[in-house]
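**Student:** Let me give you the structure first, and then I'll get to my questions.
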Amino acid sequence: MVLYIHGGSFVAGSIKSHRSLAANIAHAAKARSLIIDYRLAPEYPFPSALEDTLSAYQWLLDHKNAPEHISIVGDSAGGGLTIALLLKLRDLTLPMPAAAVCLSPMIDHTYTGETWKTNSGADILIYPQKEYEFTRMYLGGTDPHNPFVSPFYADLTGLPQLLIQVGTYELLLSDSRRLAEKARTAGVDVILDEWEGMQHVWQFGASFFPEGRMAIAKIGEFIQQNTSE
(Lines give C-alpha, C1' and ligand atoms only; values in the text may rest on other atoms or scores of the structure.)
Protein backbone atom coordinates (compact mmCIF):
# COMPACT_ATOMS: atom_id res chain seq x y z
CA MET A 1 0.00 0.00 0.00
CA VAL A 2 1.27 3.45 -0.98
CA LEU A 3 0.00 6.53 0.86
CA TYR A 4 0.60 9.36 -1.61
CA ILE A 5 0.86 12.95 -0.33
CA HIS A 6 0.60 15.45 -3.18
CA GLY A 7 2.54 18.68 -3.63
CA GLY A 8 1.34 22.15 -4.47
CA SER A 9 3.06 24.48 -1.99
CA PHE A 10 0.34 23.70 0.59
CA VAL A 11 -2.09 25.95 -1.32
CA ALA A 12 -2.85 23.83 -4.42
CA GLY A 13 -2.92 20.28 -5.71
CA SER A 14 -5.56 17.61 -5.37
CA ILE A 15 -6.44 14.00 -6.00
CA LYS A 16 -7.15 14.94 -9.64
CA SER A 17 -3.90 16.80 -10.27
CA HIS A 18 -1.72 13.99 -8.88
CA ARG A 19 -3.81 10.92 -9.71
CA SER A 20 -1.67 9.83 -12.66
CA LEU A 21 1.63 10.25 -10.79
CA ALA A 22 0.34 8.33 -7.78
CA ALA A 23 -1.06 5.64 -10.06
CA ASN A 24 2.20 5.29 -12.01
CA ILE A 25 4.16 4.88 -8.80
CA ALA A 26 1.69 2.35 -7.40
CA HIS A 27 1.84 0.38 -10.66
CA ALA A 28 5.64 0.33 -10.56
CA ALA A 29 5.53 -0.79 -6.94
CA LYS A 30 2.88 -3.45 -7.67
CA ALA A 31 0.80 -1.94 -4.87
CA ARG A 32 -2.45 -0.16 -4.21
CA SER A 33 -2.42 3.60 -3.55
CA LEU A 34 -4.36 6.00 -1.36
CA ILE A 35 -4.20 9.71 -2.22
CA ILE A 36 -6.15 12.28 -0.22
CA ASP A 37 -7.37 15.87 -0.58
CA TYR A 38 -5.81 17.27 2.57
CA ARG A 39 -6.90 20.76 3.64
CA LEU A 40 -5.05 23.64 2.00
CA ALA A 41 -3.92 27.10 3.04
CA PRO A 42 -4.81 29.91 3.38
CA GLU A 43 -8.22 28.70 4.57
CA TYR A 44 -6.58 25.90 6.54
CA PRO A 45 -3.04 26.76 7.66
CA PHE A 46 -0.66 24.52 9.58
CA PRO A 47 -1.25 22.01 11.13
CA SER A 48 -4.35 21.09 9.09
CA ALA A 49 -2.49 19.28 6.30
CA LEU A 50 -0.41 17.29 8.78
CA GLU A 51 -3.50 16.36 10.77
CA ASP A 52 -5.19 15.08 7.60
CA THR A 53 -2.23 12.97 6.53
CA LEU A 54 -2.03 11.51 10.02
CA SER A 55 -5.73 10.65 9.84
CA ALA A 56 -5.19 8.97 6.46
CA TYR A 57 -2.35 6.84 7.82
CA GLN A 58 -4.40 5.90 10.87
CA TRP A 59 -7.26 4.95 8.54
CA LEU A 60 -4.94 2.55 6.73
CA LEU A 61 -3.93 0.94 10.02
CA ASP A 62 -7.56 0.73 11.15
CA HIS A 63 -8.43 -1.06 7.91
CA LYS A 64 -5.93 -3.82 8.53
CA ASN A 65 -3.03 -2.54 6.44
CA ALA A 66 0.03 -3.77 8.29
CA PRO A 67 2.70 -1.05 8.65
CA GLU A 68 5.33 -3.31 7.08
CA HIS A 69 3.16 -3.26 3.93
CA ILE A 70 2.88 0.55 3.81
CA SER A 71 5.13 3.09 2.13
CA ILE A 72 4.59 6.85 2.13
CA VAL A 73 5.42 8.87 -0.98
CA GLY A 74 5.22 12.64 -1.35
CA ASP A 75 6.36 15.27 -3.84
CA SER A 76 7.51 18.83 -3.12
CA ALA A 77 5.36 20.14 -0.26
CA GLY A 78 4.06 16.58 0.04
CA GLY A 79 7.64 15.40 0.44
CA GLY A 80 8.03 17.71 3.41
CA LEU A 81 4.71 16.48 4.77
CA THR A 82 5.96 12.92 4.38
CA ILE A 83 8.87 13.61 6.74
CA ALA A 84 6.65 15.59 9.11
CA LEU A 85 4.19 12.68 9.22
CA LEU A 86 6.99 10.25 10.06
CA LEU A 87 8.10 12.53 12.89
CA LYS A 88 4.54 12.67 14.21
CA LEU A 89 4.17 8.89 14.05
CA ARG A 90 7.44 8.48 15.93
CA ASP A 91 6.48 10.97 18.62
CA LEU A 92 3.05 9.35 19.06
CA THR A 93 4.71 5.90 19.16
CA LEU A 94 2.51 4.72 16.30
CA PRO A 95 3.78 1.97 13.99
CA MET A 96 6.13 3.26 11.32
CA PRO A 97 5.67 2.41 7.64
CA ALA A 98 8.28 0.21 6.01
CA ALA A 99 9.71 2.99 3.83
CA ALA A 100 9.19 6.49 2.52
CA VAL A 101 9.98 8.28 -0.73
CA CYS A 102 10.43 12.05 -1.11
CA LEU A 103 10.37 13.62 -4.56
CA SER A 104 12.08 17.03 -4.47
CA PRO A 105 10.92 17.61 -0.87
CA MET A 106 10.40 21.07 0.58
CA ILE A 107 11.80 20.72 4.09
CA ASP A 108 13.05 24.20 5.08
CA HIS A 109 10.67 27.15 5.11
CA THR A 110 13.46 29.50 6.11
CA TYR A 111 14.89 28.98 2.61
CA THR A 112 18.51 28.75 3.71
CA GLY A 113 19.59 26.12 1.18
CA GLU A 114 22.31 27.37 -1.16
CA THR A 115 20.62 26.26 -4.39
CA TRP A 116 17.76 28.69 -3.80
CA LYS A 117 20.38 31.13 -5.09
CA THR A 118 22.74 29.09 -7.25
CA ASN A 119 19.94 27.39 -9.26
CA SER A 120 17.79 30.49 -9.59
CA GLY A 121 18.47 30.64 -13.33
CA ALA A 122 18.08 26.92 -13.94
CA ASP A 123 14.79 26.05 -12.20
CA ILE A 124 11.92 27.06 -14.50
CA LEU A 125 9.10 25.77 -12.31
CA ILE A 126 9.52 27.33 -8.86
CA TYR A 127 9.43 31.09 -8.29
CA PRO A 128 10.90 32.13 -4.92
CA GLN A 129 8.71 35.17 -4.32
CA LYS A 130 5.57 33.11 -4.85
CA GLU A 131 6.90 30.38 -2.55
CA TYR A 132 7.58 32.92 0.18
CA GLU A 133 3.97 34.09 -0.03
CA PHE A 134 2.63 30.52 -0.04
CA THR A 135 4.74 29.79 3.03
CA ARG A 136 3.30 32.83 4.80
CA MET A 137 -0.19 31.50 4.08
CA TYR A 138 0.68 28.00 5.25
CA LEU A 139 2.44 29.03 8.44
CA GLY A 140 -0.34 31.27 9.68
CA GLY A 141 2.03 32.72 12.26
CA THR A 142 3.82 29.46 13.13
CA ASP A 143 7.58 29.67 13.59
CA PRO A 144 9.16 28.42 10.32
CA HIS A 145 11.76 26.57 12.42
CA ASN A 146 9.02 24.33 13.86
CA PRO A 147 10.22 20.82 12.88
CA PHE A 148 6.72 19.79 11.78
CA VAL A 149 6.78 22.74 9.35
CA SER A 150 10.44 22.52 8.40
CA PRO A 151 11.63 18.95 9.06
CA PHE A 152 15.21 19.99 8.35
CA TYR A 153 15.26 21.30 11.92
CA ALA A 154 14.03 18.02 13.42
CA ASP A 155 15.83 15.13 15.03
CA LEU A 156 15.36 12.44 12.39
CA THR A 157 16.27 9.52 14.60
CA GLY A 158 14.04 6.49 14.19
CA LEU A 159 12.72 7.18 10.69
CA PRO A 160 12.31 4.29 8.23
CA GLN A 161 14.34 3.79 5.08
CA LEU A 162 14.20 6.80 2.75
CA LEU A 163 14.58 7.35 -0.96
CA ILE A 164 15.02 10.98 -2.02
CA GLN A 165 14.88 11.89 -5.71
CA VAL A 166 15.81 15.38 -6.92
CA GLY A 167 16.92 17.07 -10.13
CA THR A 168 20.16 19.02 -10.31
CA TYR A 169 18.43 22.09 -11.82
CA GLU A 170 16.08 22.49 -8.86
CA LEU A 171 15.98 25.23 -6.27
CA LEU A 172 15.24 22.42 -3.83
CA LEU A 173 18.40 20.46 -4.64
CA SER A 174 20.19 21.62 -1.48
CA ASP A 175 17.14 20.80 0.64
CA SER A 176 17.33 17.20 -0.55
CA ARG A 177 21.05 16.99 0.03
CA ARG A 178 20.80 18.44 3.53
CA LEU A 179 17.88 16.17 4.40
CA ALA A 180 19.84 13.11 3.29
CA GLU A 181 22.94 14.17 5.23
CA LYS A 182 20.96 14.87 8.38
CA ALA A 183 19.08 11.57 8.09
CA ARG A 184 22.32 9.62 7.70
CA THR A 185 23.78 11.37 10.73
CA ALA A 186 20.70 10.26 12.69
CA GLY A 187 21.27 6.65 11.66
CA VAL A 188 18.58 6.49 8.97
CA ASP A 189 19.16 4.32 5.89
CA VAL A 190 18.77 6.82 3.06
CA ILE A 191 19.36 6.86 -0.70
CA LEU A 192 19.89 10.26 -2.34
CA ASP A 193 19.13 9.86 -6.04
CA GLU A 194 20.17 12.98 -8.00
CA TRP A 195 19.18 13.29 -11.67
CA GLU A 196 21.34 15.48 -13.86
CA GLY A 197 19.49 18.29 -15.63
CA MET A 198 16.04 17.40 -14.30
CA GLN A 199 13.45 19.95 -13.23
CA HIS A 200 11.12 19.96 -10.23
CA VAL A 201 9.16 16.67 -9.89
CA TRP A 202 10.02 15.60 -13.44
CA GLN A 203 8.39 12.24 -12.62
CA PHE A 204 5.15 13.93 -13.73
CA GLY A 205 6.45 13.62 -17.29
CA ALA A 206 6.57 9.83 -17.35
CA SER A 207 4.17 9.77 -20.30
CA PHE A 208 6.45 12.03 -22.35
CA PHE A 209 10.12 11.30 -21.65
CA PRO A 210 12.16 8.34 -20.45
CA GLU A 211 13.72 10.00 -17.41
CA GLY A 212 10.30 10.19 -15.79
CA ARG A 213 9.63 6.52 -16.44
CA MET A 214 13.10 5.52 -15.25
CA ALA A 215 12.74 7.48 -12.02
CA ILE A 216 9.36 5.91 -11.29
CA ALA A 217 10.77 2.46 -11.98
CA LYS A 218 13.44 3.08 -9.35
CA ILE A 219 10.79 4.21 -6.88
CA GLY A 220 8.78 1.07 -7.54
CA GLU A 221 11.83 -1.11 -7.05
CA PHE A 222 12.69 0.63 -3.78
CA ILE A 223 9.16 0.17 -2.43
CA GLN A 224 9.05 -3.50 -3.41
CA GLN A 225 12.40 -4.15 -1.79
CA ASN A 226 11.34 -2.59 1.49
CA THR A 227 7.76 -3.77 1.87
CA SER A 228 6.46 -7.29 2.10
CA GLU A 229 3.29 -6.63 0.14
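Each row is one residue, and each column tells you yes or no for (1) out of contact with any Ser or Thr (no Cβ under 9 Å at 6 or more places or on another chain); (2) more than 22 Å from GLU131 (Cα to Cα); (3) of a type in the set (Asp, Glu).
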{"residue": "MET1", "(1), (2), (3)": "no, yes, no"}
{"residue": "SER9", "(1), (2), (3)": "no, no, no"}
{"residue": "ILE25", "(1), (2), (3)": "no, yes, no"}
{"residue": "ALA31", "(1), (2), (3)": "no, yes, no"}
{"residue": "ARG39", "(1), (2), (3)": "no, no, no"}
{"residue": "ASN65", "(1), (2), (3)": "yes, yes, no"}
{"residue": "ILE70", "(1), (2), (3)": "no, yes, no"}
{"residue": "SER76", "(1), (2), (3)": "no, no, no"}
{"residue": "GLY79", "(1), (2), (3)": "no, no, no"}
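**Student:** In contact with a Leu (Cβ under 8 Å, 6 or more places away or on another chain), at pLDDT 95 or above and farther than 20 Å from PHE148 by Cβ - does that describe any residue in the stretch 44-56?
**Tutor:** No: the stretch 44-56 contains no residue that is in contact with a Leu (Cβ under 8 Å, 6 or more places away or on another chain), at pLDDT 95 or above and farther than 20 Å from PHE148 by Cβ.
**Student:** Just to be sure I understand, how many residues within the stretch 125-157 are within 20 Å of the chain's Cα centre (by Cα) and in a loop (DSSP other than H, G, I, E, B)?
**Tutor:** Residues in the stretch 125-157 being within 20 Å of the chain's Cα centre (by Cα) and in a loop (DSSP other than H, G, I, E, B): 14 in total.
**Student:** So which residues in the stretch 172-229 are farther than 16 Å from ALA100 by Cα, among the aliphatic types (A, V, I, L, M), in a helix (DSSP H, G or I) and out of contact with any strand residue (DSSP E or B) (no Cβ under 6 Å at 6 or more places or on another chain), if there are any at all?
**Tutor:** ALA206, MET214
**Student:** Ok, one more. Restricting to the stretch 99-124, give me the number of residues that are touching a residue at least 60 places away in the same chain (Cβ under 8 Å), within 23 Å of ILE72 (Cβ to Cβ) and assigned to a loop (DSSP other than H, G, I, E, B).
**Tutor:** Selection size over the stretch 99-124: 6.
**Student:** Taking the stretch 91-124 on its own, how many of its residues are within 27 Å of SER33 (Cβ to Cβ) and within 17 Å of the chain's Cα centre (by Cα)?
**Tutor:** Residues in the stretch 91-124 being within 27 Å of SER33 (Cβ to Cβ) and within 17 Å of the chain's Cα centre (by Cα): 12 in total.
**Student:** Out of the residues in the stretch 40-65 that are touching a strand residue (DSSP E or B) at 6+ places or on another chain (Cβ under 8 Å) and not aromatic (Phe, Trp, Tyr), state the one that is nearest to THR142 (Cα to Cα).
**Tutor:** This residue is THR53.
The values are calculated or read from the model by the stated rules, or taken from the named source; none is laboratory data. This is a predicted model, so every value here is computed, not measured. Positions of Cβ are generated from backbone atoms using ideal geometry, with glycine treated the same way; all protein chains shown enter the neighbour counts.
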